[in-house]
Amino acid sequence: MARLSFALSLLSLLAALAAAQDKYPDTFDQLDIKALLANKDRIEAAITCLNEDSNSSCTPTAEFLKSVLAEVVRTDCGKCTEAQKKKVGAFFAHVSQHYQQQMQELLDKYDPTKEYRAKYAQSWAADGIKV
Ligand SMILES: *[C@@H]1O[C@H](CO)[C@@H](O)[C@H](O)[C@H]1NC(C)=O
């Protein structure tokens, strides 16, 4: 009995560690999303970064987002912390409402089969993201 409960608590400890490591690093947690969204040049540079093959318009944060964006789309931000999810959601809500053409380009690049925008349309709409 003692052995079993030891084994079980070891298992739940390992599960907790695995879950913690399954989150993205705190790169976005430093990002002031309100300041970003108030600055057209920064928004447009971030969109360009995400849409271009080159990284020349990328800040380190945008470059990181770009490196995980296909996964973010596929998993509906499944590895995002709550704070990251809010920031990513706010960014794409703004882009989808104010830069519709570029938003379509991003969707076509990161969701080429259109599978995920169909699957998550409702969840994204709740965050203000139009697809
Ligand atoms: C852009 O940055 C990503 C993430 O750091 C990297 O994987 C990729 O190779 C870079 N692409 C180019 C064209 O340098």
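The values are calculated or read from the model by the stated rules, or taken from the named source; none is laboratory data. As the structure is a prediction and not an experimental result, all values here were calculated from the model. Cβ atoms come from the backbone with ideal geometry, glycine included; neighbour counts cover every protein chain shown. What goes into the accessible areas is simple: the full protein's heavy atoms, side chains included, and nothing from ligands, DNA or RNA. Shrake-Rupley method; radii C 1.70, N 1.55, O 1.52, S 1.80 Å.
Taking the stretch 31-98 and the helices (runs of 4 or more DSSP H) fully enclosed by it, the elements with 2 or more residues that are of a type in the set (Lys, Arg) and closer than 22 Å to Lys130 by Cβ are at 40-51, 60-75, 82-98. I'd like the residue in the stretch 20-30 that is assigned to a loop (DSSP other than H, G, I, E, B) and open to solvent by 30 Å² or more (accessible area, probe 1.4 Å) and, out of all such residues, is farthest from Ala118 (Cα to Cα). Among them, the one singled out is Pro25.
The set of residues in the stretch 65-102 being without any contact (Cβ under 8 Å) to a residue 40 or more places away in the chain and either within 13 Å of Cys49 (Cβ to Cβ) or within 16 Å of the ligand (Cβ to nearest atom) (or both) consists of Leu65, Lys66, Ser67, Glu71, Val72.
Counting only residues that are touching a residue at least 24 places away in the same chain (Cβ under 8 Å), at positive phi and open to solvent by 90 Å² or more (accessible area, probe 1.4 Å), the stretch 108-131 holds 0 of them.
Give the stretch 26-46 a look and list any residue that's within 16 Å of the ligand (Cβ to nearest atom), in contact (Cβ under 8 Å) with a residue 40 or more places away in the chain and not aliphatic (A, V, I, L, M), or say none.
Phe28
Only a single item in (1) assigned to a loop (DSSP other than H, G, I, E, B); (2) at pLDDT 95 or above is not met by Tyr116, and it is number (1). When every residue of the stretch 47-61 is checked against the conditions, none turns out to be more than 14 Å from the ligand (Cβ to nearest atom), exposed (fewer than 15 other Cβ atoms within 10 Å of the Cβ) and within 22 Å of Lys114 (Cβ to Cβ). The numbered conditions (1) exposed (fewer than 15 other Cβ atoms within 10 Å of the Cβ); (2) assigned to a helix (DSSP H, G or I); (3) within 12 Å of the ligand (Cβ to nearest atom) are all true for Glu105 except (3).
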